[in-house]
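Colleague: Dropping the structure in here first, questions after.
The values are calculated or read from the model by the stated rules, or taken from the named source; none is laboratory data. Everything numeric here is computed off the predicted structure, so don't read it as measured data. No Cβ is skipped: glycine too gets one built from the backbone with ideal geometry, and neighbour counts run over all protein chains shown.
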């Protein structure tokens, strides 16, 4: 049993390296902005400081790239498989970091950020799919939640090494992460057995499962039958069918609001500008050290949700996460309000780092993972693909809006007003969660659908093997083969 789990775990951890490469893209700008604003040509490869407008484009172009990832990666994953698609995600990451290392013009930085965004979106789209498809039912949740830890590592790395390295060596170092993934994934990772069954390559699906489980053909027989049943049952839905169905509409609204909260709570711009925020606050602690501390807490607190999600429940964690972020952002806004009014802030210099630590812990406690957990739970198979696609596109749109307008908001309403706007959205999300977010702790997928469809009275239970036998000749043949 140890061998079964360990090989599967090695494959999952190899895939997780791509998650780290992706979330580096979010916090990459934090240590880079001070260098690009420098007049010192030995520090700034552009030779002259960037403008606030260039600053905003550097922050937001990654999200523009993420918006466009679904067409190429959706096609590749369906046509050539999940493994080829994930390898194709690593390539733009490698190119992006290499361009950053050698770029001497702002437009090269723009191009690299755009490429990194395409890879970032592709990773968010494909990694949860691949990991869930290669995992057993018994450990699928735990394996999927390893992504949260590796995403947090990606957010932490720029704070840990970026301030202390040149732009060249910083990006060369970061390029090693997707490169390592690319090499190891080619050698170690099998194709998803779900994809292989979908395209009728049943014998290859058997080999993939035997490799992942370290079992013989008899040992994976029941799991293969389950995959065959799932593949035959699954039907794609579209956006309008999702909207017309009352239960799906409710699930869609819950997912959309919580996904939007991830960015409208200010997470993307805070991680992008963390070092600059501390410089503006004028705290006694060096900005790069303060950013490093917050980044470390971002990593450490990423372990909270995996331990609590099946104990405390999805709904309470979501509510308390939103209330915690609201309180933290209110305090941070109050500090900048006092600073802008030239009140004495010497005795509250601790407030920015305390507020941001409180914010990061609250974010990781719930709203970081819960929207994706609920999106995967609330939708039936036929609507899950379109729901995840729309949720991820919405996340990218909100990321672009917040990162592109952050500097402008600072000019219009001040830093205090900006953080209070983020706090207001968190409060609204907490109230929304109290009123509408269902609790799904301990419920099976069928139980959740029965709960959402309680007023429809059209639930049916159909034997999996009977469904396969009702399908075409290919499905009947595959059952005989198993």
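Colleague: Taking the stretch 200-223 as the region of interest, how many residues are surrounded by 15 or more Cβ atoms within 10 Å (Cβ to Cβ) and modelled with pLDDT of 85 or more?
Modeller: Total meeting the criteria: 12.
Colleague: If you take the residues in the stretch 403-437 that are within 22 Å of the chain's Cα centre (by Cα) and at pLDDT below 85, which one is surrounded by the most Cβ atoms within 10 Å (Cβ to Cβ)?
Modeller: My answer is 403.
Colleague: In addition: Taking the stretch 113-122 as the region of interest, how many residues are under 10 Å from the mean Cα position of the chain (by Cα) and either more than 12 Å from residue 70 (Cβ to Cβ) or modelled with pLDDT of 90 or more (or both)?
Modeller: Residues that pass the stated criteria total 1.
Colleague: Return the total of residues in the stretch 1-54 being at pLDDT 85 or above and within 29 Å of residue 147 (Cα to Cα).
Modeller: Within the stretch 1-54, residues that are at pLDDT 85 or above and within 29 Å of residue 147 (Cα to Cα) number 24.
Condition check ((1) in a helix (DSSP H, G or I); (2) under 30 Å from residue 204 (Cβ atoms); (3) in contact (Cβ under 8 Å) with a residue 12 or more places away in the chain) across all residues:
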| position | (1), (2), (3) |
| --- | --- |
| 43 | no, no, yes |
| 48 | no, no, no |
| 55 | yes, no, yes |
| 61 | yes, no, yes |
| 66 | yes, no, yes |
| 76 | yes, yes, yes |
| 86 | yes, yes, yes |
| 90 | yes, yes, yes |
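Colleague: Now for a different question. In the set 49, 31, 92, which member is surrounded by fewer than 19 Cβ atoms within 10 Å (Cβ to Cβ) and in the same structural domain as residue 170 (by TED's automatic domain parsing)?
Modeller: Being surrounded by fewer than 19 Cβ atoms within 10 Å (Cβ to Cβ) and in the same structural domain as residue 170 (by TED's automatic domain parsing) holds for just one of 49, 31, 92, which is 49.
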